[in-house]
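The structure appears right after this line, and notes come after that.
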Amino acid sequence: MGTEFIDNVSSSHHEYHDHEKELDAGALFVLKSKGSWVHCGYHLSTSIVAPPLLSLPFAFASLGWWGGILCLVIGALVTFYSYNLLSMVLEHHAHLGRRHLRFRDMANDILGPRWGRYYVGPIQFMVCYGAVIGSTLLGGQCMKAIYLLLNPNGAMKLYQFVVIFGGLMLILAQMPSFHSLRHINLISLLLCLAYSACATAGSIYIGNSSKGPNKDYSISNDKETQIFGVFNAIAIIATTFGNGIIPEIQATIAPPVKGKMFKGLCICYAMLSTTFFSVAISGYWAFGNQAEGLILSNFTQNGHNLVPKSFIFITNIFTILQLSAVAVVYLQPTNEVLERTFADAKSSEFSTRNVIPRLISRSISVIIATTIAAMLPFFGDINAVIGAFGFLPLDFVLPVIFFNLTFKPSKKKPIYWLNMAIAVFFSILGVIAAVAAVRQISLDARTYRLFANV
């Protein structure tokens, strides 16, 4: 038994080293397979348990108590299930000697080259780069909130804070590989627990005091607003659970891979259960249908702080720091493409030949993301469209299709029909959520101004 295990491990290592010889620079330098399942848990937590969870009370305002909690539970169960299926498919192909390090590699192998090149690859890039832009904008908004706390009549504009956050990103973007982010992502995990605890404590404090708004949990009477509000809220929840880089995270695990992703997902979902439910329930309980797009905005009302100034300051600092980690994680697919295009796999990772193109290309990609975030402060509305078109297919639909095509379960088995039901339901939901998000953009378009100070 012991020798058989050693043979399996050594064959996995041989398989990996044979595979490594054929790797391009993107896979070789950015997606190094050196991490443990604990590191994998850190990466997963940073990519899923991120500041968009502070929008959950706002989603509850359109869904009500039961609808909100039900959507949150279904989102958690379906994503945990589909991420595990994706991991099983990746393990299966690795066992056959074809380890996939990227989402588009999986799609190429399972669905065919056109799907990988023209559908999965572009959608994943759009989702991840959209997350980088969204994080940069949110970082700028949190910095502006701190500035107005300290200087209520200050003249600095939002786009200036976005540029400052972009400067921090320029430094972090130079981290060479996904694996090199493991310590940053451990700190990110702790920061997320910290600001979620602050958001929950602040909501409970305001909800129990006489300062807070009157609690009103009624949903809009207008039928059209009600229906589109529900689908918009579902898109927000789906985006909050979204990941889009499961294969790239699994690629950072040192072989043999078997079972490690499941343990990593358990770390992530323990974090997720603690933060998502506490922030969503306490925020909606305290502010009802007046919950804003970011629950921290509710802590200030008509220029008056409902919690101590230092409390808002600390919560925003925690959020800004974690946003920088989230943005760097979602930069990895872009970095991998840039590395594959400009780096030389035959030269050393830190040779002048590779360092200079890396420095220039990554800096340009961060500058573009920062410029878009500064120009389009209404990017949150655009991100809802990206979430509907991107996160729903990548995280809810494709994993179950990949599983059915890879393992070919019998049509008599419940798993086949469960997977088909998930694929059909979330495909329809994706289309409706995209329509709802586009409608929201058309409603808000009147207020759009480039470089607006919102």
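What the table shows:
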| item | result |
| --- | --- |
| At least 30 Å along the helix axis (C-alpha) and Kyte average at least -1.0, DSSP helices within the chain | 56-95, 121-150, 182-208, 260-287, 309-342, 352-375, 414-444 |
| Alpha-carbon spread of segment 123-164, three principal axes, descending order, Å | 42, 13, 11 |
| Environment charge of LEU111, counting only residues whose C-beta is closer than 12 Å and scoring Lys/Arg +1, Asp/Glu -1 | +1 |
| Euclidean distance of C-alpha centroids, segment 131-185 and segment 408-443, integer Å | 34 |
| Residue-count net charge about ASN404 - beta-carbon cut-off 13 Å; Lys, Arg +1, Asp, Glu -1 | +3 |
| Expected 222 nm ellipticity per residue - DSSP helices of 4 or more, -39500 (n - 2.57), all of the chain, to 500 | -24000 deg cm²/dmol |
| Equivalent ellipsoid, the chain (semi-axes from 5 times Cα gyration tensor eigenvalues, Å) | 37, 26, 20 |
| Sparsely packed GluC sites (Glu not before Pro) within segment 19-114, loop by DSSP, other Cβ within 10 Å at most 11 | GLU22 |
| Cα-Cα P(r), segment 365-413, percent of pairs per 10 Å interval | 21, 29, 23, 16, 10, 2 |
| Set of segment 150-178 residues, backbone N closer than 18 Å to the point 7 Å along the Cα-Cβ line of LYS309 | 150-156 |
| Heavy atoms of PHE378: accessible area, 1.4 Å probe, square angstrom to 10 | 40 |
| Per residue solvent-accessible surface (Å²) - the chain, probe of 1.4 Å | 43 |
| Over 17 Å [Cα-Cα, segment 20-91], rounded percent | 64 |
| Separation between Cα centres of segment 296-353 and segment 361-380, rounded to whole Å | 13 |
| Pairs beyond 26 Å (Cα-Cα), from LYS260/LYS346; LYS157/LYS223; LYS260/LYS408; LYS32/LYS413; LYS32/LYS408; LYS34/LYS263 | LYS260/LYS346; LYS157/LYS223; LYS32/LYS413; LYS32/LYS408 |
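The values are calculated or read from the model by the stated rules, or taken from the named source; none is laboratory data. Remember, predicted model here, so these are calculated numbers, not experimental data. Glycine gets a Cβ as well: all are built from the backbone with ideal geometry, and neighbour counts include every protein chain shown. In case anyone asks, the SASA skips ligands and DNA or RNA and just uses the protein heavy atoms, side chains included. Shrake-Rupley method; radii C 1.70, N 1.55, O 1.52, S 1.80 Å.
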